[in-house]
Amino acid sequence: MTTGTTTAPAGSAIAPRRRRADDVAGLGTARAGLFVAPALIIIGLFLLFPAVWTIWLGMTDYRLTGLQAASPEFVGFDNYTDALTDPSFWNSLWLTLIFVLFSGIIGQTLIGFALAWSVRNIHGWAKALIEGLVLAAWVIPASVASFLWLVLLDRRSGTVNGLLGTEGTAWLIDHPMESIIVFNIWVGTAFSMQLFSSALSAVPPSQIESAKMVGASGWQQLRDVIVPNIKGHILTNTLLITLWTFNTFTPYLVTAGGPNGKTEILSVYIYETAIPGGQLGLGAAISLIMLLINLVIALGYVRVSRGRKKR
């Protein structure tokens, strides 16, 4: 006698499991939506709306004063054309690239790594003191750091002139770009130092010991063991430092873009155009151009990172 058994279709057994897996918290669609709604509202108000408003503003002749302030007109891509054909924009972009290269990519990265490499074998209070001094420059508010450097570089009673014996030298007038490059290195090096310190501590000690056993010098250990192990950290540091330095506005607090526009990097140029100049529409258009440059930099980093992982 054969006993009949009912076999449920495979899909009917799997479907409830999938539904349960999709709703792990058991909130349901409506309650889950209410749960994330505050975060979505904040993102919309502080990220999405300003972005959309800036895009619209960049296509108008909106100004702070005058008829354009009361009734701005749609001008399409005229602001972008005006910006890209303005020699002042290209001069500002060139100054920005110089500033990013020397104060960010070269300055902060190399000095940050050098500090991390130098203190890797130091322990106790000495290491804490060095890291504390470097971090102090990073955590000090930008306004305080800027005032400090104005005092340091003062032509009459500045500390720098006193130490170098160059009384009367006006560093912010005679060497403005060099001054803000050194200032930015001083402010931002702590991040690179901390990141590279973490990276160096993760390098397998066995590889370093093996290199020492075969007679590798300090430079050879750095080249053949250390750098290959921290390439990802180097790329991450370079990307973040590049974007932060490219977008920073802090040098304005030291030189206000002067003298004669010699330190008018792109962020300062946008501010001068939009606020003192009153051309909010043009300023918004330049801001979007700046955003596109940031996206190109980020995409370039992603491409290099993916190529490294494939190899």
Inset, instruction - Once you have all Cα-Cα distances for segment 204-265, histogram them in 5 Å bins from zero and send the whole-percent values. - result: 4, 16, 15, 12, 9, 9, 8, 9, 9, 6, 4, 1
Legend entry - 10 Å binning of all Cα-Cα separations within segment 21-117, expressed as whole percents from 0 upward: 12, 18, 21, 21, 20, 8
Inset, instruction - Identify, among ALA145, ILE208, MET59, the residue whose Cα sits farthest towards the positive end of the charge dipole of the chain, taking +1 on the Cβ of Lys and Arg and -1 on the Cβ of Asp and Glu, with the dipole about the Cα centre. - result: ILE208
Inset, instruction - Considering the convex hull of the alpha carbon atoms of segment 174-248, report its projected area averaged over all viewing directions, in nm², one decimal. - result: 6.2 nm²
Inset, instruction - Calculate the dipole size of segment 145-236 relative to its Cα centre from +1 charges on Lys and Arg beta carbons and -1 charges on Asp and Glu beta carbons; express the result in debye to the nearest 20. - result: 200 debye
Legend entry - Net charge of neighbours whose Cβ lies under 9 Å from the Cβ of GLU167, counting Lys and Arg as +1 and Asp and Glu as -1: +2
Inset, instruction - Could you state the accessible area per residue of the chain in Å², with a 1.4 Å probe and every protein chain left in place? - result: 61 Å²
Inset, instruction - Please name which of HIS123, ALA37, LEU240 has its Cα lying farthest along the dipole of the chain towards the positive end, using unit charges on Cβ (Lys, Arg +1; Asp, Glu -1) and the Cα centre as origin. - result: HIS123
Inset, instruction - Using a 10 angstrom cutoff on alpha carbons, build the Gaussian network for the chain and name the most mobile of PHE74, PHE113, PHE102. - result: PHE74
Legend entry - Surface share of carbon and sulfur [accessible, 1.4 angstrom probe, percent] for the chain: 67 percent
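Tell me the relative contact order for the chain as a rounded percent, counting alpha carbon contacts under 8 Å between residues six or more apart.
Details: 286 pairs, mean separation 83.3, N = 311.
Result for the chain is 27 percent.
The values are calculated or read from the model by the stated rules, or taken from the named source; none is laboratory data. For clarity, every value in this text was computed on a predicted model and none was experimentally measured. Every residue, glycine among them, receives a Cβ derived from its backbone with ideal geometry; neighbour counts consider all protein chains shown. Quick note on the areas: whole protein, heavy atoms, side chains included, nothing else; ligands and nucleic acids left out. Shrake-Rupley method; radii C 1.70, N 1.55, O 1.52, S 1.80 Å.
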